[in-house]
Amino acid sequence: MNTLFVQHFGNDENRKLSYYTAQMMGYQAARRAILEMKPEQIIEDVKKSSIRGRGGAGFPTGMKWGFLPKESAKPKYLVCNADESEPGTFKDRDIIRYTPHLLIEGMIIGSYAIGCTHAYIYIRGEYTREAKILQEAIDEAYKNGFLGKGIFNSSFNLDVTLHRGAGAYICGEETALLNSLEGKRGEPRVKPPFPALVGAFSCPTAVNNVETIATVPHILNRGAEWYAKLGRIEKSGGTRLMSVSGHVKNPGVYEVEAGSITLRQLIEDHAGGCWKDKKIKAVIPGGSSAPVLTADEIDVVLDIEPFQKIGTMMGSGAVMVCDEDTDMVQLIWRITKFYAHESCGQCTPCREGCHWMEAILHRILHGAGAEKDLDMLLDIANNIGGKTLCALGDAAAGPVISFVKKFRTEFESYIRGQKKYA
Amino acid sequence: MEKVLSQKFYDKMSKLEQRYPIRNALILPALHAAQEEFGWLPKEAMDEVAVFIGVHPAQIREVASFYTMYNLSPVGEKHLKICTNVSCMLRGAYDLVTHCEKKLQIKTGETTVDGKFTLSEEECLGACGTAPAMMVNDDYHENLSIERINQILEGRAP
Ligand SMILES: Cc1cc2nc3c(=O)[nH]c(=O)nc-3n(C[C@H](O)[C@H](O)[C@H](O)COP(=O)(O)O)c2cc1C
C-alpha cells in the first residue's frame, strides 16, 4: 500500500526543514509550479488527480479552485482550515506537528494557482503546541526564501499568517471560520454568495482542509495520474488519513488507499481490532456527525461513495469503534449534548431542537422516558435536518435518527425500566 | 481610563497589525494576548481592547462570550479541562471527572476554595488517538489514568 504521510509521523525531528528537503523533495514542487507552470495548469492537475476535500464534505478540490474568478479587482485568499474539531478527528494535528512544511508548500502552490498573495491558516485555539510548531516552520520558510517577496526569484510574493481560533466547533464550518477570522462571532453565513466569490474580507476565497492542501505537493511531485490511480473508486483518488479511536487495541492515524480495503479491514488489520478481545457492536465511521453503523455493516468499501450508499458518510475520516458493552443511549445522549453546546444559535430548528433532543435523551437515560419519546426524537431530528443555514443541523440530526433506528431496543429497555443508568 | 494591558501586548499587536486587511481581525489575537496577562478577561482589559481596536466595548464582549477558551471570570491556577466527548468517554473519561470531583471536593465547573484548581468538562480536543485526554491551562495531557491524574493534581507531573 502506498502511503504519503504516515512514514514521516511520530518523530519530532521530521518537522525540520532539513528533513523536509532531504527526505520529502521539500519545496521542489513549489519551485516547479512557480517557475515552470501556469496557474491553470496546476488547477488542471489537481482536477486530474481527482482529490476531494478531506475536511468532511468531499468537494472536488480542483473544481473549487476553478470557481474563483481569474481576474479580480479585489485580492484573493487561500484559507487553510486547521480547526480540526469534528469529534474523533486527529489527523491534521499529525500533519502539522510532523510535516508542517508539507502544509506550507501546499499553501504556496495553492496560492499561486488561485492568485493569492496573502494566505491564512486558521488553527483551533486548543492546538497551542501545534501552533507554535507551525509558526516556527513558517518562520523557517520565510528565512529560506520560500515565503515573502520574489519567491524563487520570480515575481510571485506570498505571506502566510497563522490565526488562532478560541474554542468553537462551529468555526470548522468554512463560513463561520471566515467570520471568526474577521473578528466576529463564529456564525455561518447565508450561501450564496459562496466563498469563491465573497469569502474572507469580502474577497474571493478558497477554504481547504489541512490534509487536502498538504496532499498537493505530492500530486505535483508524483503526477496527477499516479495519484488518481491510488483510489480504486472512480470519483475519488488518493490516500486517506483515517483517525481510528475508541475501543480498538491500537488507536491512531492510519493511511490507506481509498477504496482498497473495507472499514472492517481498517479496524481489524490496521488498528488491531476491538480491544479486550470483545466484539464490535457499532462503528461511527466519519466523525460524530456520521450516522452510526452496526457491526454487520462494516464490510463496506472504504471510500466516499460506498459509505454514502449505505446511508452514512466518510466525513473527516474519523472512525470510532464501540465494543459490545457500549451503552448506545448514553453515547447518543453525549453526542447530542455536544451539538446542543456547539449550535451557534442562529437557526431556530438547530438552536432549540438540539437542546430538546438532548433533554429527551437525558430523561430516557435517567429512567423518565416515555414510549412516545422515540417518535418525538425522530420528529424533531427530521425538523432540523436540511432546515438550517449550515450542516451542523444535519450533523446533529443524522446520528440521532440512526441510533434510534438501529438500536431501538436499547432505548426501549430504558423506557420500560428494564435497564438503569450506571 | 487607566491602562491595564502591558507594553508586551502592544508590541505583539503592532507586529500583527500589518498582517490583516481589516482592523477587526485583530480582535481574537488581542483577546488571546490580553488573557495571557491575567489568566482571564477582566472587564477593564476587554474595554482596553475595544479602545485599541476602535469598536464599542459591547462588540468585544459579544465576541469574547462566543468562544469557550476566553474566561470571562477568574479560574484556578490550574484549569483542568477533561474531554468527555465520544472517544474519551469510551475510554473512561467520566471516571476521571468523578475522581477529580471527589479528590478536589468540587463539582464540574467549580474552583477549589484555595483557588488552585478549576474543573471543567471539555468538548473534543483532537487527541482521540491518545484518549482520554485533558488540557491543563494551555497544555495537553494524554493517555490519562487515575494515577496520571493524581500525579498532576499532586504536582508530581511536569
Ligand atoms: C459544523 C461543521 C464543522 C466543520 N469542521 C471542519 C473542520 O474542523 N475542519 C475542516 O477542514 N472542515 C470542517 N468542516 C467542513 C468545512 O465547512 C469545509 O467544507 C472544508 O474546510 C473545505 O475544505 P476541503 O474542501 O479541503 O475539505 C466543517 C463543516 C461543518 C458543517
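The values are calculated or read from the model by the stated rules, or taken from the named source; none is laboratory data. None of these values were measured; they are calculated from a predicted model. With ideal geometry, Cβ positions are generated from the backbone for all residues, glycine too; neighbour counts draw on all protein chains shown.
Within segment A:389-404, identify whether any single residue is over 30 Å from A:Val253 (Cβ atoms), out of contact with any Cys (no Cβ under 8 Å at 6 or more places or on another chain) and in contact (Cβ under 8 Å) with a residue 12 or more places away in the chain, and answer yes or no. For segment A:389-404, residues over 30 Å from A:Val253 (Cβ atoms), out of contact with any Cys (no Cβ under 8 Å at 6 or more places or on another chain) and in contact (Cβ under 8 Å) with a residue 12 or more places away in the chain: present.
So for segment A:99-112 (the condition being modelled with pLDDT of 95 or more, more than 22 Å from the chain's Cα centre (by Cα) and away from chain B (no Cβ under 12 Å)), does at least one residue qualify? For segment A:99-112, residues modelled with pLDDT of 95 or more, more than 22 Å from the chain's Cα centre (by Cα) and away from chain B (no Cβ under 12 Å): present. Just one residue in the set B:Glu17, B:Glu44 is over 15 Å from A:Gly183 (Cα atoms) and either at pLDDT below 95 or not assigned by TED's automatic domain parsing to the domain that holds B:Thr111 (or both); that residue is B:Glu44. Taken over segment A:159-180, residues that are touching a Phe, Trp or Tyr at 6+ places or on another chain (Cβ under 7 Å) and more than 13 Å from the ligand (Cβ to nearest atom) amount to 3. Note on segment B:95-140: residues that are within 14 Å of another protein chain (Cβ to nearest Cβ), under 19 Å from the mean Cα position of the chain (by Cα), not in a loop (DSSP other than H, G, I, E, B) and not charged (D, E, K, R) total 6. From the list A:Asp296, A:Asp327, the lone residue that is out of contact with any Pro (no Cβ under 8 Å at 6 or more places or on another chain) and either crowded, with 24+ Cβ neighbours inside 10 Å or more than 11 Å from chain B (Cβ to nearest Cβ) (or both) is A:Asp296. Select from segment A:281-300 the residues that are β-branched (Val, Ile, Thr) and either under 18 Å from A:Met242 (Cα atoms) or in a loop (DSSP other than H, G, I, E, B) (or both) and list them in ascending order. Once the filter is applied, which keeps residues that are β-branched (Val, Ile, Thr) and either under 18 Å from A:Met242 (Cα atoms) or in a loop (DSSP other than H, G, I, E, B) (or both), segment A:281-300 yields A:Val283, A:Ile284, A:Val292, A:Ile298, A:Val300. Against the list (1) within 14 Å of another protein chain (Cβ to nearest Cβ); (2) within 16 Å of the ligand (Cβ to nearest atom), the condition A:Leu365 fails is (2).
Among the residues of segment A:190-207, those that are closer than 23 Å to A:Gly393 by Cβ, within 11 Å of the ligand (Cβ to nearest atom) and surrounded by 20 or more Cβ atoms within 10 Å (Cβ to Cβ) comprise A:Pro195, A:Val207.
For segment A:148-194, the set of residues classified as in contact with a Lys or Arg (Cβ under 6 Å, 6 or more places away or on another chain), of a type outside the set (Ser, Thr, Tyr) and either within 30 Å of B:Met135 (Cα to Cα) or at the interface with chain B (Cβ under 8 Å from one of its Cβ atoms) (or both) consists of A:Gly165 only.
The set of residues in segment A:239-255 that are surrounded by fewer than 24 Cβ atoms within 10 Å (Cβ to Cβ) and part of a loop (DSSP other than H, G, I, E, B) comprises A:Lys249, A:Asn250.
Could we say that A:Ala228 is within 30 Å of A:Tyr112 (Cβ to Cβ), of a type in the set (A, V, I, L, M, F, W, C) and at pLDDT below 95 here? So A:Ala228 fits the description; yes. With the condition kept exactly as written, say whether any residue in segment A:79-94 is under 23 Å from A:Ile34 (Cβ atoms), away from the ligand (no atom under 11 Å from the Cβ) and not in a loop (DSSP other than H, G, I, E, B). Scanning segment A:79-94, I find no residue that is under 23 Å from A:Ile34 (Cβ atoms), away from the ligand (no atom under 11 Å from the Cβ) and not in a loop (DSSP other than H, G, I, E, B), so the answer is no. Tell me which of these A:Phe59 doesn't satisfy, since it passes every other one: (1) more than 16 Å from the ligand (Cβ to nearest atom); (2) away from chain B (no Cβ under 14 Å). Answer for A:Phe59: the failing condition is (1).
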